[in-house]
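Working notes for the structure below.
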Amino acid sequence: MDSKKVLVTGGAGFIGSNLCKKLLDDGREVICLDNLFSGSLKNIESLLASPGFTFIEADVTSPLDFAVGEIYNLACPASPIHYQYDPVKTVQTNVIGMINVLELARQSGARVLQASTSEIYGDPEVHPQPENYWGKVNPIGIRSCYDEGKRCAETLCFDYHREYGTDIKVVRIFNTYGPMMKPDDGRVISNFIMQALKGQDITIYGSGSQTRSFCYIDDLLDGLVKMMATEPDITGPINLGNDMEMTILQLAEKIITLTGSASRLVFKDLPGDDPLRRKPDLTLARKLLDFAPQTDLETGLKATIAYLKTAFIT
Ligand code: NAD
Ligand code: UDP
């Protein structure tokens, strides 16, 4: 077993629970910290009996004191309905939580990987988005608690790195999906799959011509673990995701086909500041991490449909 324990904040969430499982499978000892706001014990119930796994119900905005060698900082609700539920708390999680994580790293010498986001780019004017694009973000809109919170978290990472030499890795994650997603957290893939499986109307926000590029969880995990293992001079930021771009309408049609659903499309208002186009420029990830997503959309969607059907449709 690797002597360096790993702390995963937000470890009971969608990405976090999948990451905890992968790290355990790789022989690591894992401390999973989560306040269970948008994550759940169900996501980690199969891990609780593992000798290398410890779950701590705690909030990242309280000071942290653990003997660990690596920290994956994932604590933050990621779906718009969750991060907009208590926007002030979202900012606190991103800013105070990030300071607590970086303080722990500064005092213990641990390496920190920060789960940043494509929302750093806002509603982008540059397409696809490379890491050196600074973004177009509304600082006072309904998404700002998340976007600006994550931008400030990146700032803190680089200030701790410059001021204290803290060992940081910043990854900007683009829309990721897969098993352990919550059925009701409002994200497009889980929404569409649940609606299709229940024969309900599929809710297209706006015209459905806005685009996203969807990455399957296993491919993202590969990138996260590779980034954590890079030399100290590689800090990021670095994009991680899949560069297969599609419209939301195309996604809906694909999910209807794969589920064999009779659901119809209905059109609803587009939420404020919803980005029109999003696709990662993966040049840097390919070069530095040899990162290459392996899972095509159909394979990933089939696995996600199977999970949501088994776990939530009686
Ligand atoms: P998620 O909501 O499923 O997981 C977040 C986890 O953090 C949850 O378990 C939640 O309970 C926990 N959490 C929230 N606030 C906390 C706090 N104050 N203290 C302790 N725990 C707290 O979301 P996810 O999709 O797994 O995202 C994980 C991380 O990856 C987030 O930081 C998110 O911003 C980032 N990210 C995700 C995506 C994506 O497509 N899934 C894209 C970009 C960035
Ligand atoms: N969306 C949609 N119907 C839904 C949920 C989302 O049309 O039921 C759209 C949403 O407006 C956005 C895209 O799908 O344009 C992706 O939304 P999600 O919340 O999954 O992620 P994000 O907007 O953060 O990329």
Quiz item: Helix 248-259 versus the longest principal axis of the chain: what is the Cα-based angle in degrees, 0 to 90, to the nearest 10?
Solution: 80 degrees
Quiz item: Expressed as a whole number of Å, what is the distance separating the alpha-carbon centroids of the range 172-188 and the range 210-259?
Solution: 11 Å
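Using the scaling law 2.2 N^0.38 Å as the reference, what is the normalised Cα Rg of the range 231-314?
That ratio works out to 1.44.
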Quiz item: For the chain, what is the mean residue ellipticity at 222 nm derived from helices alone (per DSSP H run of n ≥ 4: -39500 (n - 2.57); sum divided by total residues; nearest 500 deg cm²/dmol)?
Solution: -12000 deg cm²/dmol
Quiz item: Quick one: net charge of G260's neighbours, Cβ under 15 Å, K/R +1, D/E -1?
Solution: +3
Exercise. May I ask for the angle, rounded to the nearest 10°, between helix 297-312 and the longest principal axis of the chain, with both axes built from Cα atoms and the value confined to 0 to 90°?
Key: 90 degrees
Quiz prompt | Amide hydrogen neighbours beyond the local backbone of I173, cut-off 5 Å, H modeled | solution = S116, T117, S118, L240
Quiz item: Roughly what percent of Cα-Cα pairs across the chain reach past 33 Å?
Solution: 20 percent
Quiz item: According to the Kirkwood expression over distinct Cα-Cα pairs, how big is the hydrodynamic radius of the range 1-75, in Å?
Solution: 11.9 Å
Exercise. Measure nothing fancy, just the Cα-based angle from helix 217-228's long axis to the longest principal axis of the chain, in degrees from 0 to 90, nearest 10.
Key: 20 degrees
Quiz item: What does the charge add up to near V225, with Lys and Arg as +1, Asp and Glu as -1, over the other residues with Cβ less than 9 Å from its Cβ?
Solution: 0
Quiz item: Taking amide hydrogens as modeled 1.01 Å from N in the peptide plane, which residues meet the under 5 Å criterion relative to G122, leaving out close sequence neighbours?
Solution: K136
Practice problem: For A311 and I234, calculate 0.36 nm times their separation in residues minus their Cα-Cα distance, and state this gained length in nm to one decimal. | Solution: 23.8 nm
Quiz prompt | For the range 38-100: rounded, prolate or oblate by the Cα gyration tensor [a/c cutoff 1.5] | solution = oblate
Quiz prompt | Alpha-carbon centroid distance for the pair the range 62-99 / the range 105-150, whole angstrom | solution = 14 Å
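Counting only other residues whose beta carbon sits under 15 Å from that of Q294, what net charge do I get with K and R as +1, D and E as -1? Working shown, then result.
Numbers: positive: K22, K226, R286, K302; negative: D218, D219, D222, D243, D290, D296, E298.
Once positives and negatives cancel, what remains is -3.
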Quiz item: Applying 1/(1 + (r/R0)^6) with R0 = 25 Å to the Cβ-Cβ distance of I81 and I140, what FRET efficiency is obtained, to the nearest 0.05?
Solution: 0.80
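Read-outs: derived from the displayed coordinates by stated rules, not from any lab. Because the structure is a prediction, the values reported are computed rather than measured. Backbone-built Cβ (ideal geometry, glycine too); neighbour counts: all protein chains shown.
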